[in-house]
Structures are given as C-alpha cells and as structure tokens.
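A.B. asks: Below is one structure. I have some questions about it.
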Amino acid sequence: VVGLIPGCGPQIVLAAAYAEGAIPFSALTANAISQDGDALFPLIAIDKKAAVIASVYTTIPALVVGVGMHLLFGPMFGFGVLG
C-alpha cells in the first residue's frame, strides 16, 4: 500500500524501517519496484486515468516479486541490517 504513494519519501521511510528491523527485505524490494517516484505527480495532473494505469503496472509485479521472495527465501534475508 505504501508503494502506491507517489514520490521518493515513502521509499526513504521504508529503507529506514528495514535498517531498524521493522520490515523484511521482501517488503522493501516490493516497495522499490512499485514506487513511481516524483514522475507520477505531473502524470496525475495531466491524465489521472494514465496515472492509475501506471500504478497498476508497477504494483502487480511488485506484489508478485515481494510475495515470491517472502515465500521462497523467507528468513534468509532476515529483518534489518543494524540489529
């Protein structure tokens, strides 16, 4: 859900959460794939339908990769890098 928020801020927050051990690497990876970045802001202003479609195009692969990583690797990547 956080990956649907446009801009780079959510990725920074989740990277910090991963570093503190709050989320697994699979969630960080899924968010990185689904982030549209700041490029989505002008698209929202110009064509809202295209912005929604672009978000769907990035969210579906993010969910597949995130869930797949979690199921295949699970605790292999562990939680966080500082703890």
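The values are calculated or read from the model by the stated rules, or taken from the named source; none is laboratory data. As the structure is a prediction and not an experimental result, all values here were calculated from the model. Methodologically, a virtual Cβ is constructed for each residue, glycine included, from the backbone with ideal geometry; neighbour enumeration extends over all protein chains shown. These accessible areas exclude ligands, DNA and RNA; they are computed on the full protein's heavy atoms, side chains included. Shrake-Rupley method; radii C 1.70, N 1.55, O 1.52, S 1.80 Å.
A.B. asks: Under 8 Å between Cβ atoms, which residue pairs at least 6 apart in sequence (or on different chains) link something in the stretch 5-22 that is touching a residue at least 24 places away in the same chain (Cβ under 8 Å) and over 13 Å from residue 34 (Cβ atoms) with a partner that is β-branched (Val, Ile, Thr) and open to solvent by 70 Å² or more (accessible area, probe 1.4 Å)?
C.D. replies: Cβ pairs passing all conditions: 18/81; 19/81.
A.B. asks: Take the residues in the stretch 21-43 that are assigned to a loop (DSSP other than H, G, I, E, B) and either on the phi < 0 side of the Ramachandran plot or crowded, with 20+ Cβ neighbours inside 10 Å (or both), then tell me which one is nearest to the chain's Cα centre (by Cα).
C.D. replies: Among those that are assigned to a loop (DSSP other than H, G, I, E, B) and either on the phi < 0 side of the Ramachandran plot or crowded, with 20+ Cβ neighbours inside 10 Å (or both), it is 35.
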